[in-house]
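Below is one structure; the comments refer to it alone.
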Amino acid sequence: MPASKAMFSSESNEHYTPTRILDMAVSVMGAIDLDPASDPGRRVRAAQHFTMSDDGLNQPWHGRVFCNPPYGRSLSAWSAKVDQEFANGHTSACILLVPARTDTKWFQPLHQVPVCYVKGRLKFIDQQGREQGAAPFPSAVAYWGSDPEKFVEVFKHAGPVQVPIGSNNSDGKI
């Protein structure tokens, strides 16, 4: 099955991050220390990568994390892991790219952190680095970290950003 068709079917839950989103993540965090859900080609410019064979869900995380997890039943576990690693102080910042499935149970913790709802549909990248057709689902980018103002400033160009009032993530700065 061609990569473009496989991306939108149940045969593949891998959606490689568009360069624009990665550039924005680096702009917010300064650099990426860890990509815990890395593709085999390690496209994310991170100091460390965990691929599927490394099982990033069961590894300790550290520093500034960018995570575009597999889009399937494991999204719940990835969402919980991001929240847990930040709450435990293992990560200093984390940006999570996921489908904007706001009605799902796994998405609910994201309502407690700043989230950018990406305008339009992202065009994910295939294994050869080529842009694919528009995704059949909307996307969201969530942020855990100490500089929500920076996240808002950078990601407002990708779509509307929601910052929860009184969230422990924003420290009352926004």
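At a glance:
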item	result
Label point distance in nm, SER92-LYS119, each placed 7 Å from Cα along Cα→Cβ	3.2 nm
From phi via Karplus (6.51, -1.76, 1.60), per-residue ³J(HN,Hα) for segment 47-62 in Hz, x at Gly/Pro	5, 9, 10, 10, 8, 4, 5, 7, 6, x, 5, 10, 9, x, 9, 7
Principal-axis tilt of helix 75-87 within the chain, Cα atoms, nearest 10 degrees	30 degrees
Reduced Cα scattering model of segment 54-113, Debye log10 I(q)/I(0), q = 0.12, 0.14 Å⁻¹	-0.26, -0.35
Debye-sum result for segment 116-163 in log10 I(q)/I(0), which assumes one identical scatterer on each alpha carbon, at q = 0.18, 0.25, 0.26, 0.27 Å⁻¹	-0.63, -0.89, -0.91, -0.94
Per-residue HN-Hα couplings for segment 147-155 [Karplus 6.51, -1.76, 1.60; θ = phi - 60°; Hz; x = Gly/Pro]	10, x, 4, 5, 4, 4, 4, 7, 7
Cβ charges +1 (Lys, Arg) and -1 (Asp, Glu), total dipole of segment 51-137, debye	300 debye
Estimated inter-spin distance, GLU149 and GLN108, nm [label 7 Å along Cα→Cβ]	3.3 nm
For the chain, alpha-carbon Rg and Dmax in angstrom	14.9, 49
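Laboratory data are not the source of any read-out in this text; all were calculated from the coordinates shown. In this text, all values refer to a predicted model and were calculated from it rather than measured experimentally. For neighbour counting, all protein chains shown are included, and Cβ atoms are generated from backbone atoms with ideal geometry for every residue, glycine included.
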